[in-house]
Amino acid sequence: MLVYNPYTKQSQDSHTVRFHSVLVRLALLLGILGASCGFYAAVRVGWSDWVRRTNTDEAIRAAIALTPSNWKYYRDLAEFNPPQAILPLRHAIQLNPANSSLRIELGEYAEQIGDFAAAEEGYRSAVAIDQTYAPRFEQAEFYFRRHDSGRFASAAKSAFAVGFHEDMTILFSQCWELFDDADQIFTRMIPTRPEALQQYLAFLLNSGRIGAAPPVAKRLMSAEVDVADNREVILRYCDRMLDAGDYSDALEAWNWLAGRALVSFPPIAQDDLVTNGEFVKPPLKRGFDWRYGDTHGMYFESIPAGGLKISLTSKQPEHCVTLWQYIPLPEPGKYRLDVKYRTPGKDSGLNWQVLAGGKDLLRGGGALSVPSRPASALAEQEFEFAAPAAGLAQLRLGYDRVLGTVRVEGDAEIREVRLRRE
């Protein structure tokens, strides 16, 4: 018997048609069973999660019985049973081998129970599969706690080599606790990466290890990578070197900043040793730029055409420093200080000092005289002094009330300050 198939436009045997009908029904049945199995599996997982949320050891084991392929349950079981944590954590690692956190947890739990071989295995395997800072830090911490300085040095170096935005202060501190040797730490553990050098230099400055800072700063300045990111730490380094009286290293850092336009001044040169001598920029109050002294009773204002106006209110101290900056004296010999200024009148009490080695190289002869010209005109004055040795000095503009007078009230202007070697 032939049956006409309207979809194929062909005649088919009736047995063939019945066979195809059975196949269709079987496929539908299998689909229903498959959907039922998927539904059952979903219900099973949901049920195991609900059981787990009761947060007991028995509940976690029951959840594992329902869903033995869920690695999280084995980690939870380890948390509930720290002395027996190794076995469930190993099972969790088998189920999720790419998870480095599980391996770190294995190391931590093994260390707690004194199984240091298993602990080392956990940390090492975490480092092997994870190229980030965290597992290397944990491994270094383990060796630090074991007082294993050799393996700690290797692990710390590996961590410093990949650290970017992580805070590596703890690891730097541990380096110093184990070694307390600036050269060994720097040459053996600190990489040439600017990110690591920058953080290490900041650590040295913050912890008061100023003597170890220069080689780190020099290497960072020579890196020439992302120099703008290094501005703050190099400026801080310059300030600390100045405070320590380290003239050459401070000057090198300042000129590095200036040469890359990271400060708004040209590098300091022999023909003009004063920074911002025309006050074209508001004082930075850092590095070799101007800083204000005791500002009580005084106000400072930039002059648009160049210069600094100092308003004395008569409330200022009788003896004080109004303005100062560090200056380099690159070699012994004679120097000349040139200033242009305007005073608020006779007996202003304003005077310049060049302090080096606790002495005023001007020997008290830096008073600003009153010009014999109209008060509106600028005065110019030269001061000469001899530097007994190369080094660092402070150029100060002081105020001292003149005997027999009251404290001055009025505006002074400092338009230009220059210092050069004669």
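The values are calculated or read from the model by the stated rules, or taken from the named source; none is laboratory data. All values reported here derive from a predicted model rather than from experimental measurement. For neighbour counting, all protein chains shown are included, and Cβ atoms are generated from backbone atoms with ideal geometry for every residue, glycine included.
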Exercise. Does K334 meet the test of being surrounded by fewer than 16 Cβ atoms within 10 Å (Cβ to Cβ), assigned to a strand (DSSP E or B) and at pLDDT 95 or above?
Worked result: yes
Exercise. Mind checking whether some residue in segment 193-206 is under 19 Å from A153 (Cα atoms), of a type in the set (S, T, Y), surrounded by 17 or more Cβ atoms within 10 Å (Cβ to Cβ) and in contact with a helix residue (DSSP H, G or I) (Cβ under 7 Å, 6 or more places away or on another chain)?
Worked result: yes
Problem set entry | Any pair with Cβ under 6 angstrom, 6 or more apart, that starts in segment 282-294 at a residue that is more than 16 Å from N255 (Cα to Cα) and ends at one that is modelled with pLDDT of 95 or more and of a type in the set (D, E) | P283/D289
Exercise. Counting only residues that are hydroxyl-bearing (S, T, Y) and in a loop (DSSP other than H, G, I, E, B), how many does segment 337-349 have?
Worked result: 2
Problem set entry | Matching option when the condition is touching a strand residue (DSSP E or B) at 6+ places or on another chain (Cβ under 6 Å) and outside the structural domain of V406 (by TED's automatic domain parsing), among K281, K309, K334, K285 | K285
Exercise. If the Cβ limit is 6 Å and pairs must be 6+ apart or interchain, which residue in segment 126-155 that is under 21 Å from S101 (Cα atoms) pairs with which residue that is outside any helix (DSSP H, G or I)?
Worked result: Y133/G163; Y133/E166
Exercise. Considering segment 374-422 alone, what residues qualify as being outside any strand (DSSP E or B) and either in contact (Cβ under 8 Å) with a residue 60 or more places away in the chain or within 30 Å of C238 (Cα to Cα) (or both)?
Worked result: P388, A389, A390, R401, V406, R407, V408, E422
For this session: Please verify whether segment 357-366 includes one or more residues that are in a strand (DSSP E or B), in contact (Cβ under 8 Å) with a residue 12 or more places away in the chain, surrounded by fewer than 18 Cβ atoms within 10 Å (Cβ to Cβ) and over 39 Å from the mean Cα position of the chain (by Cα).
Result: no
For this session: Only residues that are surrounded by 14 or more Cβ atoms within 10 Å (Cβ to Cβ), modelled with pLDDT of 70 or more, in a helix (DSSP H, G or I) and among the polar types (S, T, N, Q): list them for segment 47-103, please.
Result: S100, S101
Exercise. Under 26 Å from P282 (Cβ atoms) and in contact with a strand residue (DSSP E or B) (Cβ under 6 Å, 6 or more places away or on another chain): does that describe P344?
Worked result: yes
Problem set entry | Residue list for segment 276-322, restricted to those being over 18 Å from Q394 (Cα atoms), part of a strand (DSSP E or B) and among the polar types (S, T, N, Q) | S302, S311, T313
Exercise. Do we find a residue being assigned to a helix (DSSP H, G or I), farther than 29 Å from G114 by Cβ and either in contact with a helix residue (DSSP H, G or I) (Cβ under 9 Å, 6 or more places away or on another chain) or not hydroxyl-bearing (S, T, Y) (or both) anywhere in segment 132-140?
Worked result: no
For this session: Kindly check whether there is at least one residue in segment 234-246 that is exposed (fewer than 14 other Cβ atoms within 10 Å of the Cβ) and assigned by TED's automatic domain parsing to the domain that holds Q198.
Result: yes
